[in-house]
Amino acid sequence: MTTSPGAADRVVEGPTPKHAQLREILRRTVESELPPGAAIPSERELAERYGVSRLTVRSAIGKLVEEGLLTRVRGKGTFTANRRMELQLYLMSFTDDMRRRGLVPTTEVLGTTTEVPPTPNRTALGLAEGERAYRLRRLRRADGVPLAVERGWYHAGRVPGLFDLDLTASLYTQLATRYGIRFDDARQTVWAESADRETARLLGIRTGGPLLVFRRVSRVRGAPVEDMTSWYRGDHYQVTMQLDRNSPDFGHLARHGGTR
């Protein structure tokens with residue numbers, strides 16, 4: 001960032017709140033001078049440079065974080081946000097997807113249990129009432145940045161001993177190796193959601209921050225094996241779909257006002 005503010009980049013007394021003035025100054029600087037992933041000066045440095053309080057700086061930065069222009073990394077500082085990644089709508093593991101992008105994927109296992117799933121998940125997996133399933137919860141990172149929380153269910157009868165696998169590695173690769181399972185069909189539902197306190201804590205974002213949520217029921221030869229819901233950071237991802245007027249999806253989106 002520039003070492004001293006010019007005439008157009010000063011915070012002055014007036015009808016526009018100082019935090020709003022500073023926010024626009026920072027926005028212009030980020031968009032015109034800084035590449036993705038660049039660190040911005042500390043709150044103290046910005047307060048001294050623009051002659052405002054640290055509370056004013058915190059407010060301005062907080063708004064830009066909410067907008068996805070900046071991102072905070074706990075213990076490291078605030079950085080310009082990387083360009084949003086395209087979420088793939090085909091069957092590919094998180095590990096393979098991140099490696100394809102040139103990023104280093106890591107996985108933290110948050111919990112494993114064997115229990116009777118709620119009715120929607122039991123129905124999706126084709127389980128009998130009272131039948132138990134494997135429940136797996138994981139946090140996925142790329143280059144150390146938390147990107148997604150996964151909470152899902154697996155049909156225990158089709159993947160016995162699932163928890164004996166290395167759950168920090170690519171599960172799809174291990175399912176193929178150990179069980180001969182290569183998913184050939186899936187039904188996926190996508191929606192937007194605000195982060196609850198627990199998910200926000202895991203992803204390092206504010207409670208109420210934007211999330212893209214994907215629920216995917218994956219099958220092999222028509223038999224459901226996986227019912228996985230993934231919460232992705234809305235400031236790091238976007239979804240793009242190619243539609244044409246003859247596509248069934250186009251008509252569905254048009255009826256729901258989604259063609260914008």
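The values are calculated or read from the model by the stated rules, or taken from the named source; none is laboratory data. Quick caveat: nothing in here was measured; it's all calculated off a predicted structure. Cβ coordinates were reconstructed from backbone atoms using ideal geometry, including for glycine residues, and neighbour counts include every protein chain displayed.
With Val52, Val12 as the choices, which residue is in a loop (DSSP other than H, G, I, E, B), crowded, with 17+ Cβ neighbours inside 10 Å and over 26 Å from the mean Cα position of the chain (by Cα)?
Val52
If I filter the range 58-72 for residues that are assigned to a helix (DSSP H, G or I) and exposed (fewer than 13 other Cβ atoms within 10 Å of the Cβ), do I get at least one hit?
Looking for residues that are assigned to a helix (DSSP H, G or I) and exposed (fewer than 13 other Cβ atoms within 10 Å of the Cβ), one finds none in the range 58-72, hence no.
Can you find even one residue in the range 135-154 that is among the basic types (Lys, Arg), in contact with a Ser or Thr (Cβ under 9 Å, 6 or more places away or on another chain) and either over 14 Å from Glu226 (Cβ atoms) or not assigned by TED's automatic domain parsing to the domain that holds Asp196 (or both)?
Yes, the conditions are met somewhere in the range 135-154.
Residue by residue through the range 29-49, note down the ones that are within 23 Å of Gly209 (Cα to Cα) and part of a helix (DSSP H, G or I).
Matches in the range 29-49: Val30, Glu31, Glu43.
Quick check on Ser59: is it polar (S, T, N, Q) and at pLDDT below 85?
Answer is no for this residue.
Given the conditions (1) surrounded by 13 or more Cβ atoms within 10 Å (Cβ to Cβ); (2) within 30 Å of Ala142 (Cα to Cα); (3) at pLDDT 85 or above, which single one is not true for Asn82?
If we test Asn82 against (1) surrounded by 13 or more Cβ atoms within 10 Å (Cβ to Cβ); (2) within 30 Å of Ala142 (Cα to Cα); (3) at pLDDT 85 or above, just (3) comes out false.
Got at least one residue in the range 165-174 being at pLDDT below 95 and at positive phi?
No, there is no match, as no residue in the range 165-174 is at pLDDT below 95 and at positive phi.
Kindly evaluate Arg215 against the criterion of being more than 20 Å from Leu64 (Cα to Cα) and in the same structural domain as Trp153 (by TED's automatic domain parsing).
yes
On the basis of being in contact with a Gly (Cβ under 9 Å, 6 or more places away or on another chain) and either on the phi > 0 side of the Ramachandran plot or charged (D, E, K, R) (or both), does Arg72 make the cut?
yes
What strands (runs of 3 or more DSSP E) lie completely within the range 102-208 and have 2 or more residues being free of Cβ contacts under 8 Å to residues at least 40 places away in the same chain?
So the answer is 105-115, 133-142, 185-194.
Do you know which of the residues in the range 85-101 that are part of a loop (DSSP other than H, G, I, E, B) and surrounded by 16 or more Cβ atoms within 10 Å (Cβ to Cβ) is modelled with the highest pLDDT?
Among those residues, the one meeting the criterion is Ser93.
For the range 218-229, enumerate the residues that are of a type in the set (Ser, Thr, Tyr) and either surrounded by fewer than 21 Cβ atoms within 10 Å (Cβ to Cβ) or not assigned by TED's automatic domain parsing to the domain that holds Ser93 (or both).
Selection gives Thr229 alone.
Kindly establish whether Thr229 is polar (S, T, N, Q) and within 22 Å of Val116 (Cα to Cα).
Here the answer is yes, as Thr229 does meet what is asked.
Quick one: would you say Gly111 is within 23 Å of Gly222 (Cβ to Cβ), in the same structural domain as Ser218 (by TED's automatic domain parsing) and either surrounded by 14 or more Cβ atoms within 10 Å (Cβ to Cβ) or at pLDDT 95 or above (or both)?
no
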